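Report on the structure given below.
The values are calculated or read from the model by the stated rules, or taken from the named source; none is laboratory data. Values in this document were obtained by computation on a predicted structure and should not be read as measured data. Don't worry about glycine lacking a Cβ; one is built from the backbone with ideal geometry, like all the others, and counts go over all protein chains shown. For accessibility, only protein heavy atoms count, side chains too; no ligands or nucleic acids. Shrake-Rupley method; radii C 1.70, N 1.55, O 1.52, S 1.80 Å.
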Amino acid sequence: MPGSASSSCFGPWPKDVGVIAMELYFPSQYVDQAELEQFDGVAAGKYTVGLGQARMGFCSDREDINSLCLTVVQRLMERNALSYDSIGRLEVGTETIIDKSKSVKTVLMQLFEDSGNTDVEGIDTTNACYGGTAALFNAVNWVESSSWDGRYALVVAGDIAVYATGSARPTGGAGAVAMLIGPNAPLAFERGLRGTHMQHAYDFYKPDMVSEYPVVDGKLSIECYLSALDRCYSVYRNKIHAQWQREGSDKHFSLDDFGFLVFHSPYCKLVQKSLARLMLNDFLNHPSPNTETGHFAGLDPFRDVKPEETYFDRDVEKAFMKASAELFERKTKPSLLISNQNGNMYTPSVYGCLASLIAEHTASQLAGQRIGVFSYGSGFAATLYSLRVTQDHTPGSGLDKLVSSLSDLRVRLDSRQKVPPPVFSESMKLREETHHLASYVPRSSVEDLFPGTWYLTRVDDKHRREYKRRPVDDELPAEPELARSSTASEHIPSPVKKMPRIPGAVAGPEATSSK
């Protein structure tokens with residue numbers, strides 16, 4: 001399998017470090033955004049057209065951040081026939097905090113007990129939607145460092161995105177992504193090509209430790225997102241220019257040099273605006289743009305605009321969205337499948353977009369392409385980096401296996417259960433009232449969950465959480481063992497050897513935020 005260590009990997013720079021395998025999990029229930037518009041009494045199209053959202057996945061009181069991550073990690077390990085002792089680093093990126101001290105990563109270590117492997121580095125990383133990217137960078141850096149011992153790294157990004165009743169609620173969602181990291185990967189990080197911008201702002205934050213709901217300054221959040229995109233693109237462009245100059249080339253970098261681009265997606269319309277924003281940057285930085293033909297045709301009136309004055313300029317936005325429409329359809333729109341159908345997942349959002357992009361293309365269409373990835377987390381932190389897809393797309397190759405594992409993503413999304421808005425609203429109310437309680441037994445039906453899903457069975461009087469896993473096959477008996485997040489002595493069953501396809505186990509600024 002790509003990523004397996006050999007003696008040649010222990011040099012100073014392991015070759016092609018990056019993403020070898022991916023697994024996605026999203027909830028088994030969703031609410032239709034058009035029906036939610038009607039239920040909320042807002043104008044038709046506000047959520048579906050204005051935000052670009054079709055469906056929104058949500059969790060009942062049976063699921064929390066621990067159960068999401070238990071599910072996605074075990075499924076990645078099982079579906080890729082990996083042993084737990086092959087993992088040397090495990091790191092979680094999340095902002096869904098249910099304990100101010102104990103990490104989600106330590107809960108996941110229960111899955112490693114049968115293997116006897118406790119030599120696993122890494123811990124949780126938190127900064128809004130950026131935590132998954134920080135965890136990913138840490139994993140890549142570990143593999144490329146003197147600390148690496150030849151084993152894989154495993155990165156998990158998971159969150160439950162919920163908002164109080166009101167205009168921001170339709171930008172919610174939930175899910176988790178697990179990524180296997182190592183050398184000889186089909187999606188390799190391009191070394192030295194990261195543009196980062198970090199700054200202090202209160203655009204979206206969660207100061208109330210009792211509530212799952214954030215405090216949001218929607219307009220400021222959009223401004224922070226777009227300004228971070230500008231800065232990151234500028235830094236990335238400067239770094240790749242420097243590389244090219246060292247190689248003797250004076251080529252000018254532009255969007256044309258990305259085969260595909262994926263973005264953190266709080267809602268789909270912001271992603272479309274973001275690609276237009278990058279075209280604006282290309283236009284303003286081009287020494288002599290052709291405004292007669294091509295992408296920049298008719299854009300001459302905007303030659304002297306200042307980027308920092310255009311975040312909410314409707315004329316600029318409209319002109320560059322039109323100019324970038326063809327690029328958006330080709331380079332970015334395919335990445336919005338999960339975002340459109342499941343909503344915002346916070347830390348996994350951009351990686352759900354990456355998985356969607358892979359699912360919507362063949363291995364031959366992806367081979368050799370550069371994929372630009374923009375990750376943003378409020379507060380705020382952002383990075384634009386790039387992945388290079390391997391040229392090898394032959395049957396059985398790492399890329400072929402990765403594409404195959406995600407190829408039924410649409411089928412999995414369509415296997416979910418649609419829930420009427422009143423039932424969704426009641427479920428949100430139940431979470432609001434109970435998610436922080438001790439001595440609590442969840443009320444929602446376990447039968448509504450996908451096979452193979454870990455779920456919360458109870459919270460005891462000391463806030464210790466216990467979990468079970470639904471069997472992966474209806475013919476298998478229910479697993480009696482409990483997984484308790486407060487101890488390491490509970491027995492966790494070995495990975496199930498027989499793995500059938502598991503449905504859902506995916507191998508206006510004033511009202512919204514950039515989260």
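Just a few scattered comments:
- Yes/no for Ala201 being farther than 28 Å from Met22 by Cβ and modelled with pLDDT of 95 or more: yes
- Candidate set from the range 220-251 (those that are open to solvent by 40 Å² or more (accessible area, probe 1.4 Å) and basic (Lys, Arg)); member that is farthest from Val316 (Cα to Cα): Arg246
- Residue among Arg412, Arg388 that alone is open to solvent by 10 Å² or more (accessible area, probe 1.4 Å), of a type in the set (D, E, K, R) and outside any loop (DSSP other than H, G, I, E, B): Arg388
- Only listed residue being open to solvent by less than 70 Å² (accessible area, probe 1.4 Å), in a loop (DSSP other than H, G, I, E, B) and under 24 Å from Ala185 (Cβ atoms), chosen from Gly396, Gly372: Gly396
- Filter result (closer than 19 Å to Ala134 by Cα, over 21 Å from the mean Cα position of the chain (by Cα) and open to solvent by 10 Å² or more (accessible area, probe 1.4 Å)) within the range 63-99: none
- Scanning the range 445-461 for residues that are in contact with a Leu (Cβ under 7 Å, 6 or more places away or on another chain) and either open to solvent by 10 Å² or more (accessible area, probe 1.4 Å) or within 18 Å of Arg55 (Cα to Cα) (or both) yields Tyr455, Thr457.
- Looking only at the range 425-444, residues that are assigned to a helix (DSSP H, G or I) and either in contact with a Lys or Arg (Cβ under 9 Å, 6 or more places away or on another chain) or open to solvent by less than 60 Å² (accessible area, probe 1.4 Å) (or both) come to 6 in all.
- Reported count of residues in the range 291-302, each being exposed (fewer than 12 other Cβ atoms within 10 Å of the Cβ) and not in a helix (DSSP H, G or I), is 3.
- Within the range 26-52, residues that are among the basic types (Lys, Arg) have Cβ atoms under 7 Å from residues that are in a helix (DSSP H, G or I) and open to solvent by less than 60 Å² (accessible area, probe 1.4 Å) in these pairs: Lys46/Glu37, counting only partners at least 6 apart in sequence or on another chain.
- Of everything listed in (1) outside any strand (DSSP E or B); (2) of a type in the set (Phe, Trp, Tyr); (3) at pLDDT 95 or above, the single unmet condition for Trp13 is (3).
- Selected residue (criterion: farthest from Leu449 (Cα to Cα)) from residues of the range 408-426 that are at pLDDT 95 or above and acidic (Asp, Glu): Glu426
- Ser274 passes every criterion in (1) out of contact with any strand residue (DSSP E or B) (no Cβ under 8 Å at 6 or more places or on another chain); (2) at pLDDT 95 or above; (3) part of a helix (DSSP H, G or I) apart from (1).
- Residue in the range 337-350 that is assigned to a loop (DSSP other than H, G, I, E, B), at pLDDT 95 or above, touching a strand residue (DSSP E or B) at 6+ places or on another chain (Cβ under 8 Å) and open to solvent by 10 Å² or more (accessible area, probe 1.4 Å) present: no
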